[in-house]
Amino acid sequence: MTNSVSTRLAVLGSGPAGYTAAIYAARAGLSPIVIQGIQPGGQLTTTTDVENYPGFRDVIQGPWLMEEMQAQAEHVGTKIAWDHISSVDLSRRPFVLKGDGGTEYHADALVIATGAQAKWLGLPSEEHMKGRGASACATCDGFFYRGKKVAVIGGGNTAVEEALYLTNHSHDVTLIHRRDSLRAEKILQDRLFANEKINIVWDSEVVEFVGGGDPEALVGLDIRNRNTGEISRIECEGAFVAIGHKPATELFGSQLELDEDGYIKVETGTTNTSIEGVFAAGDVMDKTYRQAVTAAGTGCMAALDAEKYLASMEYEALAAE
Ligand SMILES: Cc1cc2nc3c(=O)[nH]c(=O)nc-3n(C[C@H](O)[C@H](O)[C@H](O)COP(=O)(O)OP(=O)(O)OC[C@H]3O[C@@H](n4cnc5c(N)ncnc54)[C@H](O)[C@@H]3O)c2cc1C
């Protein structure tokens, strides 16, 4: 039997964007529901040390920060649903979201905060070395490798930007690319080639993340030259996989306007999507910054935009009586 839940505002996703949207919406009296998805707390629950979220002088733990955000959201009146949404109908009013558990959510307004996931190479040794030297975010983790040798894997804008960023911390950055030329914009390539701290290894793919020591940590990458088949090792303590991100937008593909990379398009300076009453926040609409604090910032914006939208709907309904 279908269980039906009605709400003025549904927030899809429980990362920093979703919980911040919920905190603002609950304090505005909207009694939001956060639908957590299969990763309650979002991406930060997959990391340990967080040193750049404002307000904490000491290093904090990602999972702890997300527990605090959830507790704050609940404290101000947010309901939490442990459910994963498998289909949405944004053509109906209220919007309809169907959960895996059989619940149907009817929402007057919707904040989408489903995030994005970094793409990885898919090697078992890469999986094993996550948190031990393998990372997908130089802005997040680069600081932990100051003064150490690091490598970046990829050849697009993100890879080049990550390599350039890492030179703030390391004097020895190796960029490993599968081809003999980069896809990155020319201006970024010029900066990369001019930077003496960066060495480029062409036509090569990583075949193994190599660990060592106790506790185990990354000591190098084994790479294969795609022309000769020769395997060699690059010594490094940090390896940053920068081959792109995948926004979680499969649910909305044919209903909402997405950009060429699949991110939800929003009107500049707002969180308004192509459908009135549907707002997007966090990594699902931001392919540039992708940080917890920027996700929280746009989550706040989405709640304020949703509150304004719901107030205007109520005013119109009253005027029509
Ligand atoms: C290993 C790692 C370390 C990081 N370190 C830092 C750091 O030190 N500092 C920093 O600022 N940033 C860091 N980041 C980046 C930061 O985690 C992200 O920018 C931030 O989490 C994005 O927040 P978000 O709310 O947009 O989405 P996410 O955190 O990605 O959350 C998405 C949410 O959507 C839910 N969801 C998805 N699909 C559905 C669905 N169909 N139904 C219901 N729910 C759904 C998921 O369950 C999840 O709760 C790190 C990221 C990673 C991966």
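Taken as a whole, the structure leaves Glu276 outside the set of residues that are surrounded by fewer than 20 Cβ atoms within 10 Å (Cβ to Cβ), within 11 Å of the ligand (Cβ to nearest atom) and in the same structural domain as Ala25 (by TED's automatic domain parsing).
For the residues Val76, Val96, the requirement of being free of Cβ contacts under 8 Å to residues at least 60 places away in the same chain and in contact with a Lys or Arg (Cβ under 7 Å, 6 or more places away or on another chain) singles out Val76.
Within the set Val173, Val160, the sole residue that is closer than 30 Å to Gly299 by Cα, out of contact with any His (no Cβ under 8 Å at 6 or more places or on another chain) and more than 16 Å from the ligand (Cβ to nearest atom) turns out to be Val160. Given (1) β-branched (Val, Ile, Thr); (2) over 19 Å from Thr158 (Cβ atoms); (3) within 16 Å of the ligand (Cβ to nearest atom), where does Thr268 come up short, assuming only one miss? If we test Thr268 against (1) β-branched (Val, Ile, Thr); (2) over 19 Å from Thr158 (Cβ atoms); (3) within 16 Å of the ligand (Cβ to nearest atom), just (3) comes out false. Strands (runs of 3 or more DSSP E) fully within the range 66-172 that include at least 3 residues being at pLDDT 95 or above and assigned by TED's automatic domain parsing to the domain that holds Ile200: 150-153.
Scanning the range 229-258 for residues that are at positive phi and modelled with pLDDT under 95 yields one hit, Gly244. Thr294 - would you say it is without any contact (Cβ under 8 Å) to a residue 40 or more places away in the chain, near the ligand (Cβ under 8 Å from one of its atoms), open to solvent by 20 Å² or more (accessible area, probe 1.4 Å) and in the same structural domain as Glu260 (by TED's automatic domain parsing)? When the stated conditions are applied, Thr294 passes them.
If you take the residues in the range 297-316 that are of a type in the set (Asp, Glu) and out of contact with any strand residue (DSSP E or B) (no Cβ under 8 Å at 6 or more places or on another chain), which one is nearest to the ligand (Cβ to nearest atom)? Per the stated criteria, the residue is Glu307.
The values are calculated or read from the model by the stated rules, or taken from the named source; none is laboratory data. All of these numbers come straight from a predicted model, not from anything done at the bench. Reconstructed Cβ throughout: ideal geometry from the backbone, glycine too, with neighbour counts over all protein chains shown. We work out accessible area using only protein heavy atoms, side chains counted, and drop any ligands, DNA or RNA first. Shrake-Rupley method; radii C 1.70, N 1.55, O 1.52, S 1.80 Å.
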